[in-house]
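*Asks:* What follows is a structure written as structure tokens; I'll ask about it next.
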Ligand code: ME8
């Protein structure tokens with residue numbers, strides 16, 4: 001049971017008193033998609049995680065509503081810019097609660113308060129002598145809302161949008177960004193995790209070192225663009241949209257004198273790599289010029305790709321997050337996003353990957369654990385929490401593993417390694433399933449060893465509470481439901497918003513949290529396995545199909561040696577007739593009026609699940625078998641038993657004293673895998 005995971009992460013995660021997290025404020029030129037949902041779900045999970053650490057948290061998101069791009073999109077929609085931005089900003093605001101996102105504040109750059117604070121900031125930088133008026137010519141990409149130098153273009157095209165930028169020559173205001181670049185390079189070198197993961201830190205350093213960065217053009221003449229914030233020192237100009245947008249992170253808090261600014265700044269930013277430059281270069285130099293403390297970390301993630309191509313509005317290959325959440329369940333969708341993307345790298349999105357992850361981690365591991373333990377507790381203790389007795393060596397090892405798993409989870413998650421953090425938590429989930437198998441509560445029950453049985457079940461329940469608590473940041477609804485099943489309900493008002501009672505760092509050594517004797521749930525079925533849709537199966541089958549010739553050769557080897565027929569001995573050809581396959585139990589139930597029979601629905605990788613009856617009812621609780629893998633004789637002639645068709649046989653091993661164990665592969669394999 002000892003954790004395979006190292007015990008290197010002994011120290012607990014450093015807790016400060018406040019935690020402020022932001023997402024990019026999204027452009028309102030099109031509807032929100034999976035990419036926006038990912039960043040915002042990560043921010044929500046981080047906010048919840050830090051709440052669980054006992055910190056006072058603030059979570060800001062919003063919409064970026066000025067600039068050429070918006071004006072063009074509004075024109076195309078036949079609306080005024082204001083009508084247009086109100087509509088799409090409303091869609092973002094309506095989406096977030098549906099994805100379990102509980103932000104504290106939603107900022108719009110068209111808010112009057114934001115505008116006033118941007119003007120105050122501009123005035124401050126202007127008064128410091130860091131803004132000058134000059135003439136400038138450059139290649140302007142409307143998609144990026146920025147000028148490119150000749151050097152930065154690729155074959156004359158914008159490297160992001162692959163479109164030809166407009167060459168614009170005009171008089172404008174400039175921010176003396178280049179003055180601060182040597183200081184910025186020094187700051188990034190001295191603070192290795194200021195921009196993280198490391199590859200993005202290196203990218204920003206090489207941008208600075210390349211010498212291609214110049215002063216930043218921060219205005220647009222009103223003759224060309226009116227939709228923006230007027231410069232406080234020249235009413236003929238509006239502010240460049242990026243200069244305006246970046247300031248949202250402090251204007252929202254009421255910079256320079258707001259209470260929230262005093263309480264929460266400096267904060268943590270979360271962005272994808274597309275906007276590394278404005279956040280890694282423009283923003284810190286702007287802050288430095290105005291004498292405002294820098295953010296704590298810039299946390300940069302990669303792209304969700306669809307078939308190796310970046311998903312984006314302009315490419316028209318977007319995934320609608322709400323459809324995924326509705327179809328697969330919100331928490332499963334959130335879990336998948338955090339588990340399948342290594343933060344910092346790109347990841348491919350596909351429904352097949354989502355289903356595979358769902359079945360492996362949620363149905364087989366987590367769902368199965370809750371289902372089997374709660375139903376055993378119902379059977380053995382009438383659903384009452386049994387007392388914890390004396391601990392055996394196995395129990396102590398499990399406790400140690402659980403403490404390590406939680407510590408690793410906290411450490412990794414807090415350092416934005418979400419996928420690894422969840423995997424560390426699953427070390428415990430998997431160990432608990434193994435502990436059930438190795439302790440065999442059904443045998444203890446048969447032997448009448450109630451004290452030991454109680455300790456085993458109680459330890460499982462206590463560990464399950466810890467798992468549920470740690471899951472709350474990523475799967476808030478599931479965590480609430482699981483805690484409720486364990487008799488630890490959250491007040492309705494706290495289900496999504498406020499963290500459950502407890503603090504993950506204060507969990508060390510807490511081993512008797514449930515109330516002995518209290519009645520808890522008798523069943524749990526939160527994650528029934530998902531079927532892989534036919535079209536995905538067909539695709540897989542086609543890949544797996546062996547050439548007909550090869551198959552025939554295997555079925556009847558031409559050169560097979562002739563064997564003598566001996567009574568009681570299966571000839572090679574007899575054995576070859578058997579088709580043995582691995583199956584996954586989808587359903588299991590008793591057969592009315594048949595004490596010994598269980599009826600199963602088993603996934604053998606075929607279009608329909610197989611119905612198989614087995615005389616093992618005296619040895620197993622059917623609910624505890626759902627999700628388990630078994631070895632099946634798949635080509636047994638179907639026969640009717642008690643009016644039900646049984647098409648196959650489940651293989652078991654019987655010990656000399658009559659105990660049955662199901663035969664199964666050591667690790668999970670694809671249903672239908674051939675046994676040979
Ligand atoms: O850039 N994969 O807004 P935006 C992962 N308004 N994340 C993705 C993604 C993908 N395929 N596509 C988009 C802007 N994102 C500016 C920001 S902040 C002061 C101003 C996410 O609507 C990711 O967070 O283009 C990315 O950084 C952001 O959406 C860009 O959103």
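The values are calculated or read from the model by the stated rules, or taken from the named source; none is laboratory data. Everything numeric here is computed off the predicted structure, so don't read it as measured data. Backbone-built Cβ (ideal geometry, glycine too); neighbour counts: all protein chains shown.
*Asks:* Against the conditions (1) more than 9 Å from the ligand (Cβ to nearest atom); (2) buried (at least 17 other Cβ atoms within 10 Å of the Cβ); (3) farther than 18 Å from residue 59 by Cβ; (4) free of Cβ contacts under 8 Å to residues at least 60 places away in the same chain, where does residue 280 fall short? Just the number, please.
*Replies:* Unmet for residue 280, out of (1) more than 9 Å from the ligand (Cβ to nearest atom); (2) buried (at least 17 other Cβ atoms within 10 Å of the Cβ); (3) farther than 18 Å from residue 59 by Cβ; (4) free of Cβ contacts under 8 Å to residues at least 60 places away in the same chain: (4).
*Asks:* Still on this model: Regarding region 599-620, can at least one residue be identified that is over 15 Å from residue 650 (Cβ atoms), in a loop (DSSP other than H, G, I, E, B) and at pLDDT below 65?
*Replies:* No.
*Asks:* Going through region 132-146 one residue at a time, which ones are more than 35 Å from the chain's Cα centre (by Cα) and under 17 Å from residue 243 (Cβ atoms)?
*Replies:* Correct list: 132, 133, 134, 136, 138, 140.
*Asks:* Can you pull out every residue in region 189-225 that is within 17 Å of residue 278 (Cα to Cα) and assigned to a helix (DSSP H, G or I)?
*Replies:* Answer for region 189-225, where residues must be within 17 Å of residue 278 (Cα to Cα) and assigned to a helix (DSSP H, G or I): 199, 200, 201, 202, 203, 204, 205, 206, 207, 208, 209.
*Asks:* One residue is enough: does region 313-321 have a residue meeting the conditions modelled with pLDDT of 95 or more, part of a helix (DSSP H, G or I), within 30 Å of residue 529 (Cα to Cα) and touching a helix residue (DSSP H, G or I) at 6+ places or on another chain (Cβ under 7 Å)?
*Replies:* Yes, there is a match, as at least one residue in region 313-321 is modelled with pLDDT of 95 or more, part of a helix (DSSP H, G or I), within 30 Å of residue 529 (Cα to Cα) and touching a helix residue (DSSP H, G or I) at 6+ places or on another chain (Cβ under 7 Å).
*Asks:* Being more than 21 Å from residue 237 (Cα to Cα) and either in contact with a helix residue (DSSP H, G or I) (Cβ under 7 Å, 6 or more places away or on another chain) or at pLDDT 95 or above (or both): is that true of residue 46 here?
*Replies:* yes
*Asks:* What are the residues in region 301-320 that are within 11 Å of the ligand (Cβ to nearest atom) and touching a residue at least 40 places away in the same chain (Cβ under 8 Å), if any?
*Replies:* Answer for region 301-320, where residues must be within 11 Å of the ligand (Cβ to nearest atom) and touching a residue at least 40 places away in the same chain (Cβ under 8 Å): 301, 302, 303, 304, 305, 306, 311, 312, 313, 314, 318, 319.
*Asks:* Considering only region 141-160, state which residues are in contact (Cβ under 8 Å) with a residue 40 or more places away in the chain and in contact with a strand residue (DSSP E or B) (Cβ under 9 Å, 6 or more places away or on another chain).
*Replies:* Correct list: 142, 145, 146, 147, 149, 152, 160.
*Asks:* Let me ask something else. Here is a list of conditions, (1) within 23 Å of residue 271 (Cα to Cα); (2) over 31 Å from the mean Cα position of the chain (by Cα), and residue 203 meets all of them except one; can you say which number that is?
*Replies:* Residue 203 satisfies all of (1) within 23 Å of residue 271 (Cα to Cα); (2) over 31 Å from the mean Cα position of the chain (by Cα) except (2).
*Asks:* Restricting attention to region 226-240, and to residues there that are part of a loop (DSSP other than H, G, I, E, B) and out of contact with any helix residue (DSSP H, G or I) (no Cβ under 7 Å at 6 or more places or on another chain), which single residue is farthest from the ligand (Cβ to nearest atom)?
*Replies:* Among those residues, the one meeting the criterion is 226.
*Asks:* Another question about this same structure. When you scan region 60-75, do you find a residue that is away from the ligand (no atom under 14 Å from the Cβ), out of contact with any helix residue (DSSP H, G or I) (no Cβ under 8 Å at 6 or more places or on another chain) and closer than 21 Å to residue 228 by Cβ, even just one?
*Replies:* yes
*Asks:* Could I ask something else about it? Is at least one residue of region 580-587 over 26 Å from residue 673 (Cα atoms), in contact with a strand residue (DSSP E or B) (Cβ under 7 Å, 6 or more places away or on another chain) and at pLDDT 70 or above?
*Replies:* no
*Asks:* Quick one: is residue 243 more than 31 Å from the chain's Cα centre (by Cα) and either more than 9 Å from the ligand (Cβ to nearest atom) or surrounded by fewer than 23 Cβ atoms within 10 Å (Cβ to Cβ) (or both)?
*Replies:* So residue 243 fits the description; yes.
*Asks:* Still on this structure: I'd like the full set of residues that are near the ligand (Cβ under 10 Å from one of its atoms) and part of a strand (DSSP E or B), limited to region 13-52.
*Replies:* Residues satisfying the conditions are 22, 23, 24, 25, 26, 27.
*Asks:* Does residue 464 satisfy being under 16 Å from the mean Cα position of the chain (by Cα) and modelled with pLDDT of 95 or more?
*Replies:* No; evaluated as a whole, the condition is false for this residue.
*Asks:* Please give the number of the condition residue 343 fails out of (1) within 15 Å of the chain's Cα centre (by Cα); (2) part of a helix (DSSP H, G or I).
*Replies:* Against the list (1) within 15 Å of the chain's Cα centre (by Cα); (2) part of a helix (DSSP H, G or I), residue 343 comes up short only on (2).
*Asks:* Any idea which of (1) out of contact with any strand residue (DSSP E or B) (no Cβ under 7 Å at 6 or more places or on another chain); (2) surrounded by 13 or more Cβ atoms within 10 Å (Cβ to Cβ); (3) closer than 17 Å to residue 25 by Cα is the one residue 106 doesn't satisfy?
*Replies:* If we test residue 106 against (1) out of contact with any strand residue (DSSP E or B) (no Cβ under 7 Å at 6 or more places or on another chain); (2) surrounded by 13 or more Cβ atoms within 10 Å (Cβ to Cβ); (3) closer than 17 Å to residue 25 by Cα, just (1) comes out false.
*Asks:* Is there a residue being within 13 Å of the ligand (Cβ to nearest atom), part of a loop (DSSP other than H, G, I, E, B), without any contact (Cβ under 8 Å) to a residue 60 or more places away in the chain and touching a strand residue (DSSP E or B) at 6+ places or on another chain (Cβ under 8 Å) anywhere in region 248-268?
*Replies:* There is no residue in region 248-268 that is within 13 Å of the ligand (Cβ to nearest atom), part of a loop (DSSP other than H, G, I, E, B), without any contact (Cβ under 8 Å) to a residue 60 or more places away in the chain and touching a strand residue (DSSP E or B) at 6+ places or on another chain (Cβ under 8 Å).
*Asks:* Quick check on residue 172: is it within 16 Å of the ligand (Cβ to nearest atom) and crowded, with 17+ Cβ neighbours inside 10 Å?
*Replies:* When the stated conditions are applied, residue 172 does not pass them.
*Asks:* Taking interchain pairs and intrachain pairs at least six residues apart, which have beta carbon atoms under 6 angstrom, with the first residue in region 56-72 and modelled with pLDDT of 95 or more and the second part of a strand (DSSP E or B) and within 9 Å of the ligand (Cβ to nearest atom)?
*Replies:* Here the result reads 60/22; 61/23; 62/25; 63/25; 63/26; 64/25; 64/27, each pair linking region 56-72 to a residue that is part of a strand (DSSP E or B) and within 9 Å of the ligand (Cβ to nearest atom).
Per-residue answers, yes or no, for (1) more than 17 Å from residue 218 (Cα to Cα); (2) part of a helix (DSSP H, G or I); (3) at pLDDT 95 or above; (4) out of contact with any strand residue (DSSP E or B) (no Cβ under 7 Å at 6 or more places or on another chain):
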position: 118; (1), (2), (3), (4): no, yes, yes, no
position: 162; (1), (2), (3), (4): yes, no, no, yes
position: 178; (1), (2), (3), (4): no, yes, yes, yes
position: 187; (1), (2), (3), (4): yes, yes, yes, yes
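*Asks:* Just to be sure, is residue 359 buried (at least 20 other Cβ atoms within 10 Å of the Cβ), within 24 Å of residue 471 (Cβ to Cβ) and within 16 Å of the ligand (Cβ to nearest atom)?
*Replies:* Criteria not met by residue 359.
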